[in-house]
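The structure appears below as structure tokens.
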Amino acid sequence: MDRDGINAAPTLIENATTEAAYSKISFTLATTAEFIRALGYNAIPSANCTALNIPLAIDAGLGQLGRNAKLITPGFGPRCRIAKIITDLPLEHASPIDYGVTEFCERCKKCAKRCPAQAIPYGDRSYEPINECNNGGALQWQVDHKKCVSYMTEVGTNCGICIKVCPFNKGKAKIHNVSRWFIKNLNWTDPMFIWLDDALGYGNTNTDEFWQGT
């Protein structure tokens, strides 16, 4: 998703950015599924239905699960919307990856601190769901999705603050790639990068800057 749009969270600008991503998902799913069918295989396009996207994405090696219950990808952090196509097309199997997200999230807690609904836990991961909105049996940070939805209703958008403030929400500049290398290979440096993220003002973008193009 567009980084400037996400940085306007929790306004309608961020909401429009999210909806634009879903529009792209619909087009991509339909055309890719039709291409697979033209090859002679079955293809069922699926956005947020049929199966859980994030567990499948983790197994496919697209990223790791963050404290904010989002898929954290190497290139775009949590700034992704994902979908799937269920098919019998023969494919190569990928494997889960580990580039230091879990250890970083254990120390960072920035999304939990900035969540206006206090829906994101400060504590450790757990197998036990908070309520019927969570899935048990997987070790994860159990986000209180009821609180999350209540705040969305109050503010009138889909919020997005936990995506905006995540230190992994960066571009592909070389300096950010250097940070990612340290997080992946030398996680004892995580506190330094968490401090730098705050010191440099990331996650504090003023909504007016979006309109000014700065």
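The values are calculated or read from the model by the stated rules, or taken from the named source; none is laboratory data. Keep in mind that this is a model prediction, so the values were computed, not measured. Glycine also receives a Cβ, built like all others from the backbone with ideal geometry; neighbour counts cover every protein chain displayed.
So which residues in region 167-201 are modelled with pLDDT under 90, outside any helix (DSSP H, G or I) and surrounded by fewer than 17 Cβ atoms within 10 Å (Cβ to Cβ), if there are any at all?
Listed by number, the residues that qualify are Gly171, Lys172, Ala173, Leu200, Gly201.
Out of everything in region 1-41 that is of a type in the set (A, V, I, L, M) and in contact with a helix residue (DSSP H, G or I) (Cβ under 6 Å, 6 or more places away or on another chain), what residue ends up being nearest to Leu89 (Cα to Cα)? Before the answer, list the steps.
Initially, region 1-41 is screened for residues of a type in the set (A, V, I, L, M), giving 1, 6, 8-9, 12-13, 16, 20-21, 25, 29-30, 33, 36, 38-39.
Filter again for in contact with a helix residue (DSSP H, G or I) (Cβ under 6 Å, 6 or more places away or on another chain), leaving 1, 6, 8-9, 13.
Details: Met1: 28, Ile6: 35, Ala8: 40, Ala9: 39, Ile13: 38 Å.
Of everything passing the filter in region 1-41, Met1 is nearest to Leu89 (Cα to Cα).
Scan region 16-36 and report the pairs whose first residue is closer than 25 Å to Ile6 by Cβ and whose second residue is among the polar types (S, T, N, Q), with Cβ atoms within less than 7 Å and a gap of 6+ or a chain change.
Thr18/Asn158
Out of everything in region 85-107 that is touching a Gly at 6+ places or on another chain (Cβ under 7 Å) and outside any helix (DSSP H, G or I), what residue ends up being nearest to Ile44 (Cα to Cα)? Even if it seems obvious, please write down each step before you answer.
Step one: filter region 85-107 for residues touching a Gly at 6+ places or on another chain (Cβ under 7 Å), giving 94-97, 101, 105.
Remaining after also requiring outside any helix (DSSP H, G or I): 94-97.
Values: Ala94: 20, Ser95: 23, Pro96: 23, Ile97: 26 Å.
Filtering first and then ranking leaves Ala94.
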